[in-house]
Structure formats: C-alpha cells, structure tokens
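Have a look at the structure below, then the notes.
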Amino acid sequence: MSALGTVARPIVRAARLPLFAPLAGRDFRLVWFGESVSLFGDQFNMIALAGLVIGLTGSGFALGAILIAGAIPRGLFMLLGGVLSDRFPPRDLALASNVLRAALTTIVAALVLGAQVQLWQLAAVGVLFGTVDAIFLPAINTLVPRLVPADRLAAANAVMQGTGQLVATVGPAIAGFAVALIGIGAAFAIDALSFAVAACALWLVRSGGSPGPSGNEAGEAVAADPAGDAGRPSMTRALVAGAREVLGDPVMRSIVILSTAANLAFTGPTIVGLPWLVLVQFGSDALALGLVFAAYGLGSFAGVLVAGSFPRPRRFGSIVMATVLVMGLGLAAVGMAPSVPAVGLIVLAIGAMNGYVNVVVIAWVQGRTNPAMLGRTLSFLMLGSVVAAPLSLALAAVVVDTHATAMFLAAGLLVVGAGLVGIASGLQRRMV
C-alpha cells in the first residue's frame, strides 16, 4: 500500500462524521491538504517577517510600511480577481498563484540567506505578492463550493477554516522556535516549499476547474450569469453585474460595510500592534510572539468546530451581531493587558468568536448567492477587508510606537460602534 493511501484511509473514515463529510471527495481533500500545508508555511513567514523587519529597524512603523506595500495591490485588484474567477477555471488561477508565490518567497529566502536583504526589496516583493493574492483569494473561495454539494458548504468551510486555525494554533509556536533555531532565511524557505506543495495538490485536482456554471457533486444545476448573453460578457460588464448584485442587496451591502469597519479595526492592531506589544513593550522574544498568535489560532479553531458541528441557529443574525460587540470589547482590552499571558488569553477569546462568525457568515453567503456570480460576490465581500487593510496598517504603523494603548481602545470602539449601527438598522433580522 502506498504512503498516500495509508494517510488517506483515516481521513476517509473521519469523513463519515457530518463535520468531515466533505473530505469524502478526492478533489476537496486535495485542496484541503494543499492549503493546509500552505497555511502552515504562512506561519513561518509571519514570524520571520516581523522578526526580520523589527530586527533591522526596531520600528513598528517599518513593519507596517512593508505590510502596506502588499495590502494596497491586494485591495486594488481584488474585484478583478473575482471577475477572473467567474470567467476562468478557479483551480488554474489558484495553481498559478501558488507557483508565483513560491517563486517570490524563494527570492526573499535567498536575499536573507545571502545577507543582501534590504527594506525596499521586501516592499517590492510585497507589492507583487499582494497582486497575486488578489487573484488567489477569490479563486480558492470560488473553487471550494464547486467541489461539494450545497448542503455540505458549512462543513466544507468549517474543515478549511478549522484546519487553518489548527495550523495557526501550533504553527506560530513552531515557527518562533524554528526562527530562533535555524534562522529567518530558512523560515522563508520553508514557506516557499509550502506554496510548492499546495501547487502540486491543485495540479492533481480533476473537477471544479470549469469557469461558470457546471453543477456540483450533488448534480445540482447552476443558474446562468445574469450579466451574460449568448457570448461571454466583457470584463467591465461582468464587474458591473457583480456590483449590482451585491450592492443592490441591502443585507449584503450592510455586511460589506460591517466587514470593512471590523477589518479596519483589527488588521493594523493585530498584525503591527501585537508584535510591538510582545517584542517591544513587554521585551519578549519570537517564541512568545508565536505563542500569542497560537492562542488566537486555538480560539479560532474552537469557534470553527462549533460552527461546523451544529446547524445554523434560529436567531443566527442576533448571535452574529452580539458576537461582534463582544469582540470589539476584547480588542479594546488588549491595549490594557498587563502581560504577555494576559494578551494571549484575550486573543484566545477573540479568536473563538471570530472563527465562529467567519464560518457561519461565509456559508450563509455562499448558500444564497447565484453560483455563476460567486467569484464576484465573494470578492466584494473580501474587498472591505483588503481596502481597509492598507489604511489600518498605516494608522497602526504611525501610532504604535507612542500610543499603542490608545490604538487598541479606538479600534475596539470602532467595532462596537459598527455593530450597534448594524443592530439599529435591523441587520440581524434580515440575516435569515
């Protein structure tokens, strides 16, 4: 028996459980495996990049600037990525993206190992990486619903996100230890290898590659693209049709606005603020930073398991909005935490709530969206986060060195305020 068959047998047995039912499909299993390996590599990148930039400069501002370099093109080209995912095979787009990201990360690894790395090089790679990400993210989120029946979407999202959060639980601690043991350059090389593995897994996927409607494993028919006609619509027409589909829906419009506000509040304080708190304010090391991120991942994993194991509750909208409010309070509390362990406990709780909300909301959106418009709809949903990210990172980079506590308090209040506005508009009643 082959090694691959030995590994696959327990996975197939686990697929008998409702939560893991999507793993019964070969192609979904390949995508899940490849992206899990890639996410594990991302933990090395996250710790290595923070350690590299702060080690070179001692500044949270510099780290924020490097992250902004990748976030801007990610936001600019996200909608284009959604259009491409509806026009071309999302499997092929995701495959090409992983190949390119492997190449870019290899360049960074070589620069670090050769002691030639400079900040402008990291910024340049960040711009290219962000551009590729803008294609990959809509593609992979469009591919997954084409590999599983509609009634398994929530479970599929839970498996993907749950595995990601499990990786995020153990990955940062392993990455922090690895950076201390084998160095930053080797950590980037591990990330490059993980992208190569993900590309190989996508290469083996047989289905889910056709652009546009093609049905799913349940044999369900897929509606036609309302932007289409006898021929393929232009890129501009397809983009306009997607905007009309999303922004013309009051519920989706509100969710996009709420998502934008939440990401504006969370991105900078989390990616720039947490490393600054751990490495500078508390004077800890890369291992401690990895453990803080691991705590967040552990909480997220728990939230994802709950979301994927139980049916959507009747008061789904009210639960989501209440969770958003508590997450905002938790984010504000991070800035007042007296120690690294206290920060870890708070982000553990935030992660659990975020993991739950992400799974149930994404599955709900995927289930109510015309499959022929799914790439564009998801790209609009993600647009809020990628547009907010550069501004959030810029603000965090400017204030983190002198006003970290105030930054976390303001971010938490923004989340609470956005949640209250959503509740006042009746969003929770319309999420059915």
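Among the listed residues 173, 187, which satisfies the condition of being under 12 Å from residue 46 (Cα atoms), small (Gly, Ala, Ser) and either open to solvent by 20 Å² or more (accessible area, probe 1.4 Å) or outside any helix (DSSP H, G or I) (or both)? So that I can check it myself, show each step before the final result.
Values: 187 fails: either open to solvent by 20 Å² or more (accessible area, probe 1.4 Å) or outside any helix (DSSP H, G or I) (or both).
Just a single option satisfies the conditions, and that option is 173.
Starting from residues that are over 17 Å from residue 415 (Cβ atoms) and in contact (Cβ under 8 Å) with a residue 40 or more places away in the chain, keep the ones in segment 338-361 and report whichever is most open to solvent (accessible area, probe 1.4 Å).
If we take residues in segment 338-361 being over 17 Å from residue 415 (Cβ atoms) and in contact (Cβ under 8 Å) with a residue 40 or more places away in the chain, then 345 is most open to solvent (accessible area, probe 1.4 Å).
Can you name the residue in segment 73-118 that is among the charged types (D, E, K, R) and closer than 30 Å to residue 57 by Cα and is also most open to solvent (accessible area, probe 1.4 Å) among such residues?
In this case the residue turns out to be 74.
Among (1) over 20 Å from the mean Cα position of the chain (by Cα); (2) of a type in the set (Asp, Glu); (3) at pLDDT 85 or above, where does residue 151 come up short?
All conditions pass for residue 151, except number (3).
Give me a count of the residues in segment 379-401 that are open to solvent by 20 Å² or more (accessible area, probe 1.4 Å) and either of a type in the set (D, E, K, R) or modelled with pLDDT of 75 or more (or both).
Of the residues in segment 379-401, 6 are open to solvent by 20 Å² or more (accessible area, probe 1.4 Å) and either of a type in the set (D, E, K, R) or modelled with pLDDT of 75 or more (or both).
Going by what's in this entry, would residue 339 be described as among the polar types (S, T, N, Q) and in contact with a Gly (Cβ under 7 Å, 6 or more places away or on another chain)?
Criteria not met by residue 339.
What residue, of 312, 253, 244, 237, is in contact (Cβ under 8 Å) with a residue 60 or more places away in the chain and either open to solvent by 30 Å² or more (accessible area, probe 1.4 Å) or touching a Cys at 6+ places or on another chain (Cβ under 8 Å) (or both)?
After applying the criteria, what remains is 312.
Got a sec? Which of 294, 288, 332 is under 30 Å from residue 175 (Cα atoms), in contact (Cβ under 8 Å) with a residue 12 or more places away in the chain and in contact with a Pro (Cβ under 7 Å, 6 or more places away or on another chain)?
Being under 30 Å from residue 175 (Cα atoms), in contact (Cβ under 8 Å) with a residue 12 or more places away in the chain and in contact with a Pro (Cβ under 7 Å, 6 or more places away or on another chain) holds for just one of 294, 288, 332, which is 294.
Restricting to helices (runs of 4 or more DSSP H) lying wholly in segment 14-90: which have 3 or more residues that are aromatic (Phe, Trp, Tyr), modelled with pLDDT of 85 or more and under 21 Å from the mean Cα position of the chain (by Cα)?
On the way: elements: 26-57, 60-76, 78-87.
The qualifying helices (runs of 4 or more DSSP H) are 26-57.
Only one of 108, 148, 179, 99 is more than 27 Å from residue 359 (Cβ to Cβ) and in contact with an Asp or Glu (Cβ under 9 Å, 6 or more places away or on another chain). Can you tell me which?
Among 108, 148, 179, 99, only 108 is more than 27 Å from residue 359 (Cβ to Cβ) and in contact with an Asp or Glu (Cβ under 9 Å, 6 or more places away or on another chain).
Would you check which residues across segment 297-316 are at pLDDT 85 or above and either touching a Leu at 6+ places or on another chain (Cβ under 7 Å) or among the β-branched types (Val, Ile, Thr) (or both) and list them?
If the condition is that a residue be at pLDDT 85 or above and either touching a Leu at 6+ places or on another chain (Cβ under 7 Å) or among the β-branched types (Val, Ile, Thr) (or both), then 299 is the only one that fits.
Given the options 417, 367, 375, 412, name the one that is open to solvent by 10 Å² or more (accessible area, probe 1.4 Å) and within 21 Å of the chain's Cα centre (by Cα).
Every option except 367 fails the conditions.
Suppose we filter 109, 139, 123 for residues that are in contact (Cβ under 8 Å) with a residue 24 or more places away in the chain and either at positive phi or under 19 Å from the mean Cα position of the chain (by Cα) (or both); which single one remains?
Testing whether each residue is in contact (Cβ under 8 Å) with a residue 24 or more places away in the chain and either at positive phi or under 19 Å from the mean Cα position of the chain (by Cα) (or both) leaves just 139.
Check 154, 192 and return the single one that is in a helix (DSSP H, G or I) and open to solvent by less than 20 Å² (accessible area, probe 1.4 Å).
Sole residue among the options that is in a helix (DSSP H, G or I) and open to solvent by less than 20 Å² (accessible area, probe 1.4 Å): 192.
Identify all residues within segment 265-286 that are open to solvent by less than 50 Å² (accessible area, probe 1.4 Å) and of a type in the set (A, V, I, L, M, F, W, C); write none if there are none. Working first, answer last.
Our first condition is that a residue be open to solvent by less than 50 Å² (accessible area, probe 1.4 Å); within segment 265-286, this holds for 265-270, 272-279, 284, 286.
Within segment 265-286, 265, 266, 272, 274, 276, 277, 278, 279, 286 meet the criteria.
The values are calculated or read from the model by the stated rules, or taken from the named source; none is laboratory data. What you are looking at is a predicted structure, and each value in this text was computed from that prediction instead of being measured. Backbone-built Cβ (ideal geometry, glycine too); neighbour counts: all protein chains shown. Quick note on the areas: whole protein, heavy atoms, side chains included, nothing else; ligands and nucleic acids left out. Shrake-Rupley method; radii C 1.70, N 1.55, O 1.52, S 1.80 Å.
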